[in-house]
1. If you check ASN132, ASN112, which single one turns out to be of a type outside the set (Gly, Ala, Ser) and either in contact with a helix residue (DSSP H, G or I) (Cβ under 6 Å, 6 or more places away or on another chain) or more than 15 Å from GLN161 (Cβ to Cβ) (or both)?
2. Looking only at residues in the range 27-51 that are at pLDDT below 95 and surrounded by 16 or more Cβ atoms within 10 Å (Cβ to Cβ), which one is farthest from SER82 (Cα to Cα)?
3. What are the residues in the range 132-147 that are more than 26 Å from ARG190 (Cβ to Cβ) and surrounded by 15 or more Cβ atoms within 10 Å (Cβ to Cβ), if any?
4. Check the range 128-139 and report whether any residue there is charged (D, E, K, R) and either more than 16 Å from the ligand (Cβ to nearest atom) or within 27 Å of ASP58 (Cα to Cα) (or both).
5. Just to be sure, is PRO113 within 16 Å of the ligand (Cβ to nearest atom) and within 16 Å of ARG146 (Cα to Cα)?
6. Suppose we keep only residues that are free of Cβ contacts under 8 Å to residues at least 40 places away in the same chain and of a type outside the set (Gly, Ala, Ser) within the range 1-30. Which one would you say is farthest from the ligand (Cβ to nearest atom)?
7. Scanning for something closer than 16 Å to CYS152 by Cα, surrounded by fewer than 16 Cβ atoms within 10 Å (Cβ to Cβ) and among the hydroxyl-bearing types (Ser, Thr, Tyr), does the range 64-85 turn up at least one residue?
8. Name the pairs whose Cβ atoms lie under 6 Å apart, with the first residue in the range 97-112 and more than 15 Å from CYS50 (Cβ to Cβ), the second of a type in the set (Lys, Arg), and 6 or more positions between them or separate chains?
Amino acid sequence: MKITNIIGSPKPHGYGGSIEKALLGLLGHHGTKARTFELNELTYRGCQACLTCKTTSDVCIAQDGLTPVLKEIRESDVVIISAPIFMGEVSSQAKGLFDRFYSFLGPDFRTNPKSGRLAPGKKLVFILTQGNPDEQTYAAVLARHRRTFDMCGFAEVYPVQICGARPGSETQVPGRAMARLAEVAKALLRSAA
Ligand SMILES: Cc1cc2nc3c(=O)[nH]c(=O)nc-3n(C[C@H](O)[C@H](O)[C@H](O)COP(=O)(O)O)c2cc1C
């Protein structure tokens with residue numbers, strides 16, 4: 001199982017990073033081909049709307065810090081992305097990456113519900129962390145991004161929402177998060193068997 005692990009928080013050892021690490025641990029030796037990217041360490045721009053990926057290229061032609069990230073996503077079986085909620089949205093680091101996911105949509109994406117370019121069977125674990133303890137507050141953020149992930153062609157999307165992520169206990173993965181991660185790991189390992 002080839003895994004791309006992406007941290008969308010500026011704090012690599014925050015909740016998102018700890019939860020990704022815990023999930024990689026649960027995946028054990030199946031995750032040995034995991035490569036981790038810390039978005040905050042990369043230099044990149046959002047989509048430039050050049051539309052080349054809808055005309056003459058199947059991939060994003062921008063050459064910057066996200067180029068290897070997008071390539072690894074295309075070549076992985078499983079993609080794990082964590083993003084914190086900042087000011088009511090995913091962090092700008094994560095949003096910049098998601099805008100570049102536009103290159104994962106084929107030219108006919110408006111009319112063809114199956115226009116995602118990603119290879120069949122790719123799985124995405126999307127970890128959303130937030131300070132607010134109420135799950136419903138950002139449920140729409142999760143749902144909205146999930147819709148675009150589906151459009152890109154991820155075969156399965158496993159959301160993991162962590163609420164009440166306040167500074168101070170980042171290294172302790174909350175018990176209910178561990179239960180959800182165990183479910184997700186089981187599903188990923190089942191599909192890899
Ligand atoms: C600039 C900033 C803005 C934030 N805005 C929100 C917010 O709008 N809603 C919320 O619930 N939490 C908010 N938070 C809390 C973060 O979501 C929380 O610290 C983060 O999810 C923890 O994940 P991490 O440890 O992986 O960074 C904000 C934190 C920062 C630093």
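1. ASN112
2. It comes out as HIS30.
3. TYR138, VAL141
4. Looking through the range 128-139, none of the residues is charged (D, E, K, R) and either more than 16 Å from the ligand (Cβ to nearest atom) or within 27 Å of ASP58 (Cα to Cα) (or both).
5. no
6. Taking the range 1-30 first, the residues free of Cβ contacts under 8 Å to residues at least 40 places away in the same chain are 12, 21, 25, 28-29.
If we keep only those that are of a type outside the set (Gly, Ala, Ser) too, we end up with 12, 21, 29.
Working: PRO12: 8, LYS21: 11, HIS29: 26 Å.
Once the filter is applied, the top-ranked residue is HIS29.
7. No, the conditions are met nowhere in the range 64-85.
8. Listed by first residue and then by second, the contacts come to PHE104/ARG117; GLY106/ARG117.
The values are calculated or read from the model by the stated rules, or taken from the named source; none is laboratory data. It should be emphasised that the depicted structure is a prediction, and the values quoted were computed from it without experimental measurement. Cβ atoms come from the backbone with ideal geometry, glycine included; neighbour counts cover every protein chain shown.
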